[in-house]
Every structure is written in C-alpha cells, then in structure tokens.
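Student: Have a look at the structure that comes next, please.
The values are calculated or read from the model by the stated rules, or taken from the named source; none is laboratory data. The shown structure was predicted, so the numbers you read here are calculated from the model rather than taken from an experiment. In this analysis, Cβ positions are derived from the backbone assuming ideal geometry, glycine residues included, and neighbour counts consider all displayed protein chains.
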Amino acid sequence: MNPQAATFRFYGALNDFLHKRQKGHAINYSFKGSPAIKDAIEAIGVPHPEVDVVLVNQSKVLFSYTLQAGDVVEIFPVQAEREWPTGYVSEEQNPPPHRFVLDVHLGTLAKSLRMLGFDTFYKTDLSDSEIARIAAEEKRVVLTRDVGLLKQKSIRWGYWLRSQHTEEQLEEVVQRYKLQHSFNPLVLCLVCNVRVEEVPKQEVLEELPPKTRLYFNEFYRCPSCCRVYWKGSHYERMQLFVAKVQRM
C-alpha cells in the first residue's frame, strides 16, 4: 500500500511537544490505511488531552475523524484568550472536574492541591495503567510529567506539566483549569485527602505537645489516619501560601 500524506499545523502550547524543526511549521505527515486523526496527532507527539480544537480543511472534526490524503489539519490547545463558535471547543460539553490524580513523581504538588481544598488522588506506587483507570472511573484530571501517560486512550482530561518546580506547576494547574475562585483551603488531610473533622480538645489531649495543650483550643482530626491539626505557626504559613496562590 502506497503511503498517503496530510499536512498538520500545531498552535500555541502544543509546540512544546514537537521537535525543534517542527515547531511553528507545517508538518508533512505520511500514513497508510485509514487512521483516526487522534492516532495521527499522537504519532506526531502531541497527547490528545492537550488538544482543544481540531480543524480539517477549516471544518471542526472529532478525534474519530478518518484522515484523508491531502487533508490540511490545524490543531489548537486550550486558549483562554481565543473565542470559538459554540460547539467547537471539546470542553464545552465535558468540562474537566476539579478532581485530580497525579503520577508518582508529584507528591509535593498533590499536597499543595489538597491544601487548597482540591480532591487529589496520589500514591507513590501507582502504575500508569492504574492512574488511567482511576482517572476514567472517578472522572479525574491526570496531572503528569510523562507525555506517554497522557496518550492512554481512556484518559479524557489531562495536562502535561511544563515546569519541574512545584510552585510553577501549581500556577500552571490553577491557570489551566481556572481554579482561582474554587479554593476551599485547609479542609482536607494533606496525607489522606480526606475531609478533616473538628474534635473536642479533650479527645486529643494526650496526642498534643505540651505548649499546644496550653495555647490552643481548636482541633481537627483526619478520620482516616487520625492525624491531628490545629492552627499553630504552620497554619499561618499555610494561610500565606494560599493568599500567594490566589494572586497567581
């Protein structure tokens, strides 16, 4: 079977996934058979959850569209500043939830998201297939530094973190998913991702450091790991952290 060809052009942040010689340029893509356009996009290097709009010959298509010889394909990322006609943007019908599952290398980011009140599934021993399954079954957004993970078919929502630094990663997530007005800080256990419950001081008295017993009266406990929280100096640091993130 002789190869056929189509022309692809990626815009904006999608160029982050391309080879240097491909960035900002039209790409001549050769193929055999009748591939879905989603498969062609990922073969070039761009994971499907990063794509917001696909135009073929200037018309909107779905990922299931069968690529044809001579097609001119334009692929766009999420762009807050760009307005598309109703029905063009993939997230209009299926907006991403504010619930996340993170890969094994993002423990500090998981803690930061929990601090802001976002349901964040994280374990140190999850495989890629387990992350994909959890994302699909529990309707979670996958956050990862692994491009290959985002190419798994069952993942609907996902984002590849550009930075390797936690604070910058958090800013990326807050801006990408427009979380600025959805913060509910300091209500989740930072270890278990479970909502903490207020408890009488008497119930936790024996677990408290001497000075904490003396100076504090409001306490919270995680019903899962039984970790006890109170509004000490660490609480003040958390409040400063939350205020900083809100200004991002």
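Student: Any residue at all in the range 19-42 that's surrounded by 12 or more Cβ atoms within 10 Å (Cβ to Cβ), within 24 Å of residue 176 (Cα to Cα), touching a Phe, Trp or Tyr at 6+ places or on another chain (Cβ under 8 Å) and acidic (Asp, Glu)?
Tutor: No - not one qualifying residue is present in the range 19-42.
Student: Determine whether the range 54-69 contains at least one residue that is closer than 22 Å to residue 172 by Cα, in contact (Cβ under 8 Å) with a residue 40 or more places away in the chain and among the small types (Gly, Ala, Ser). Quick ask: steps written out before the conclusion?
Tutor: Of all residues in the range 54-69, those closer than 22 Å to residue 172 by Cα come to none.
No, there is no match, as no residue in the range 54-69 is closer than 22 Å to residue 172 by Cα, in contact (Cβ under 8 Å) with a residue 40 or more places away in the chain and among the small types (Gly, Ala, Ser).
Student: Before we move on, is residue 140 buried (at least 20 other Cβ atoms within 10 Å of the Cβ) and of a type in the set (D, E, K, R)?
Tutor: Yes: the conditions hold for residue 140.
Student: Among the residues of the range 78-89, are any under 22 Å from residue 148 (Cα atoms), in contact with a strand residue (DSSP E or B) (Cβ under 6 Å, 6 or more places away or on another chain) and of a type outside the set (Val, Ile, Thr)?
Tutor: In the first step, residues of the range 78-89 are kept if they are under 22 Å from residue 148 (Cα atoms); the result is 78.
So of that shortlist, the ones also in contact with a strand residue (DSSP E or B) (Cβ under 6 Å, 6 or more places away or on another chain) come out as none.
No; the residues of the range 78-89 include none that is under 22 Å from residue 148 (Cα atoms), in contact with a strand residue (DSSP E or B) (Cβ under 6 Å, 6 or more places away or on another chain) and of a type outside the set (Val, Ile, Thr).
Student: Working only within the range 44-81, note down all residues that are in contact with a Phe, Trp or Tyr (Cβ under 9 Å, 6 or more places away or on another chain) and surrounded by fewer than 13 Cβ atoms within 10 Å (Cβ to Cβ).
Tutor: 69
Student: Select from the range 37-95 the residues that are at pLDDT below 90 and not in a loop (DSSP other than H, G, I, E, B) and list them in ascending order.
Tutor: Those that are at pLDDT below 90 and not in a loop (DSSP other than H, G, I, E, B): 90, 91, 92.
Student: Where residues in the range 86-102 are surrounded by fewer than 11 Cβ atoms within 10 Å (Cβ to Cβ) and free of Cβ contacts under 8 Å to residues at least 24 places away in the same chain, which of them is farthest from residue 126 (Cα to Cα)?
Tutor: Looking at residues that are surrounded by fewer than 11 Cβ atoms within 10 Å (Cβ to Cβ) and free of Cβ contacts under 8 Å to residues at least 24 places away in the same chain, I get 86.
Student: Would you pick out the residues in the range 134-147 that are touching a residue at least 40 places away in the same chain (Cβ under 8 Å) and over 20 Å from residue 114 (Cα atoms)?
Tutor: Of the residues in the range 134-147, the ones touching a residue at least 40 places away in the same chain (Cβ under 8 Å) are 139-147.
Selection gives 146, 147.
Student: Restricting to the range 173-206, count the residues that are within 30 Å of residue 82 (Cα to Cα) and in contact with a helix residue (DSSP H, G or I) (Cβ under 8 Å, 6 or more places away or on another chain).
Tutor: 5
Student: When you scan the range 152-163, do you find a residue that is exposed (fewer than 13 other Cβ atoms within 10 Å of the Cβ) and either within 14 Å of residue 222 (Cα to Cα) or in contact (Cβ under 8 Å) with a residue 40 or more places away in the chain (or both), even just one?
Tutor: Yes, the range 152-163 contains at least one residue that is exposed (fewer than 13 other Cβ atoms within 10 Å of the Cβ) and either within 14 Å of residue 222 (Cα to Cα) or in contact (Cβ under 8 Å) with a residue 40 or more places away in the chain (or both).
Student: How about the range 198-243: which of its residues are closer than 26 Å to residue 122 by Cα, charged (D, E, K, R) and exposed (fewer than 11 other Cβ atoms within 10 Å of the Cβ)?
Tutor: Once the filter is applied, which keeps residues that are closer than 26 Å to residue 122 by Cα, charged (D, E, K, R) and exposed (fewer than 11 other Cβ atoms within 10 Å of the Cβ), the range 198-243 yields 198, 236, 237.
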